[in-house]
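Read the structure below first, then the notes.
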Amino acid sequence: MLTNYLGIVSLTENESKLKSLTATRPLASIPIFGRYRVIDFVLSNLVNAGITNVGILAPTKSRSLIDHVGTGKPWDLNRKVDGLYIFNYSYEPPSISDIKLLKSNMEFLLRSRKEMVIFTLSHMICNIDFEDVAKFHEESGADVTVVYKKIANEDDLFLELPTLMLDQNSNVMGIGKNIGRRTTVNISLDMFVLSKEFLIDCILTCLENGNCTTFRDFIYKNVQNINLKAYEFKGYVGCINSISSYFKVSMDMLNVDIQRELFSEERPIYTKSNDSPPTRYFSTCEVENSFISNGCLIAGKVKNSIISRGVVIEKDAIVENSIIFSKCMIKSGAILKNVILDKNVVIDENATLIGHNKNPLVMEKQSFINLSQLKEVKRL
């Protein structure tokens, strides 16, 4: 167990291709697989490794994140000693990133009794054993260890992500970018292991030179100046960096083998509980290969879809290859295919919404869609 480790989760992911889902929330608190949020996976991975002290570097629009994470109780982080800390950008300019935020809250690092750090972002969906990563790092004697995944026959899911150029001894010799030209690349998962002392030195050096705003940029730009090792993760990884990647990762979770790996009994994924009644399935419903959360009323047809809590799907409605967030209402005769509905969306009777399986149609939070609106859009 990593009792001497501190976890830091930096929410500095690029959200430019997720704006319809991140208008009112950070990427980390986007709902996924019905009852979870994106950040649940990295928090659970840290806690499952025995880490009891976690700091989250949050953006300004973090109301939903704070509401979900709370005191950290679902992850056993509501402690008198150590526990969960959330550091918010508050009213600082949006250009400020995790380096200045860490400097502003240096007391968090100095007061922590931990001597080692796992520094990670939240956008990688996986179930990783950080104990194995920490053991590799300690035995290697490296300054920093970065986790990577070897991707064969890559697709749009990992485009524009950092790639690692390695020698035969897993030393990182250079950093590139995945532009889709190669059939096999080593994708960085933006997970780092290092000592707290080295992290503090990186922060101060970065502020002194003024050439980096994030910790990971500092590491990538100084590959030649530090001893950087790479640890290969061989399990399933889904990256949330666009609407299409979010849709694909969500649909991946309907695969039983991927479900079993991500939601392992040995390393469970924790989330905020919501005491809801069981879902009611009416005699008129048809459900196939779908995940249905608690508190729903299902009277229509649901196929290859993910339905969050409190959703109502009326008789003769069809939901196929879609993701429905909590408390949406899909009225009788409506047809949804390859669609993402954010929270509290109402789809009126006989309305039809059809997106592409690689470019789903997204309806933003609290939208109301009726047939006359769709006809007006069609005329335009």
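The values are calculated or read from the model by the stated rules, or taken from the named source; none is laboratory data. A quick note: this is a predicted structure, and the numbers were derived from the prediction, not measured. Counting neighbours? That spans all protein chains shown, and the Cβs are built from the backbone with ideal geometry, glycine included. Quick note on the areas: whole protein, heavy atoms, side chains included, nothing else; ligands and nucleic acids left out. Shrake-Rupley method; radii C 1.70, N 1.55, O 1.52, S 1.80 Å.
Worth pointing out:
- Of SER273, SER308, SER283, all but one fail to be of a type outside the set (A, V, I, L, M, F, W, C) and closer than 20 Å to LEU341 by Cβ; the exception is SER308.
- Contact annotation: residue pairs with Cβ atoms under 7 Å, 6 or more positions apart or on different chains, pairing a residue in segment 253-282 that is touching a residue at least 40 places away in the same chain (Cβ under 8 Å) and closer than 14 Å to SER308 by Cβ with a partner that is of a type outside the set (A, V, I, L, M, F, W, C) and open to solvent by 80 Å² or more (accessible area, probe 1.4 Å), are THR271/ARG35.
- The single condition from (1) among the hydrophobic types (A, V, I, L, M, F, W, C); (2) outside any helix (DSSP H, G or I); (3) under 25 Å from the mean Cα position of the chain (by Cα) that VAL302 fails is (3).
- Residues located in segment 118-152, provided they are farther than 22 Å from VAL237 by Cα and touching a residue at least 40 places away in the same chain (Cβ under 8 Å): SER140, GLY141, ALA142, ASP143
- Checking each residue of segment 201-208 against the condition of being of a type outside the set (Val, Ile, Thr), open to solvent by 40 Å² or more (accessible area, probe 1.4 Å), under 23 Å from ASN127 (Cβ atoms) and out of contact with any helix residue (DSSP H, G or I) (no Cβ under 9 Å at 6 or more places or on another chain) gives no match.
- Residues within segment 358-372 that are part of a loop (DSSP other than H, G, I, E, B) and open to solvent by 20 Å² or more (accessible area, probe 1.4 Å), tallied: 6
- Within segment 10-54, considering residues that are more than 11 Å from the chain's Cα centre (by Cα) and of a type in the set (Ser, Thr, Tyr), the one surrounded by the fewest Cβ atoms within 10 Å (Cβ to Cβ): SER16
- Candidates LEU18, LEU65, filtered to the one that is closer than 23 Å to GLU364 by Cα and touching a Pro at 6+ places or on another chain (Cβ under 7 Å): LEU65
- Some residue of segment 255-263 being closer than 21 Å to ARG25 by Cβ and either in contact with a strand residue (DSSP E or B) (Cβ under 8 Å, 6 or more places away or on another chain) or assigned by the TED database to the domain that holds ILE51 (or both): no
- Hits in segment 208-263 - residues which are of a type in the set (A, V, I, L, M) and more than 30 Å from VAL339 (Cβ to Cβ): ILE219, VAL223, ILE226, LEU228, ALA230
- Test set (1) modelled with pLDDT of 95 or more; (2) open to solvent by less than 30 Å² (accessible area, probe 1.4 Å); (3) part of a helix (DSSP H, G or I) - LYS135 fails condition number: (2)
- Meeting the requirement of 3 or more residues that are farther than 15 Å from GLU286 by Cβ and aliphatic (A, V, I, L, M), the strands (runs of 3 or more DSSP E) wholly within segment 313-357 are 339-341.
- Only listed residue being over 22 Å from the mean Cα position of the chain (by Cα) and under 29 Å from PRO268 (Cβ atoms), chosen from LYS196, LYS150: LYS196
- Taken together, the residues in segment 61-92 that are in contact with a strand residue (DSSP E or B) (Cβ under 9 Å, 6 or more places away or on another chain), open to solvent by less than 80 Å² (accessible area, probe 1.4 Å) and part of a loop (DSSP other than H, G, I, E, B) amount to 7.
- Flag if GLU160 is open to solvent by 20 Å² or more (accessible area, probe 1.4 Å) and in a helix (DSSP H, G or I): no
- Across segment 222-256, the number of residues qualifying as open to solvent by less than 30 Å² (accessible area, probe 1.4 Å), closer than 17 Å to PHE325 by Cβ and assigned to a helix (DSSP H, G or I) comes to 5.
- Scanning segment 257-297 for residues being of a type in the set (S, T, N, Q) and either open to solvent by 70 Å² or more (accessible area, probe 1.4 Å) or outside any loop (DSSP other than H, G, I, E, B) (or both) gives a total of 6.
- Residue within segment 224-235 that is among the basic types (Lys, Arg) and farther than 18 Å from VAL38 by Cα present: yes
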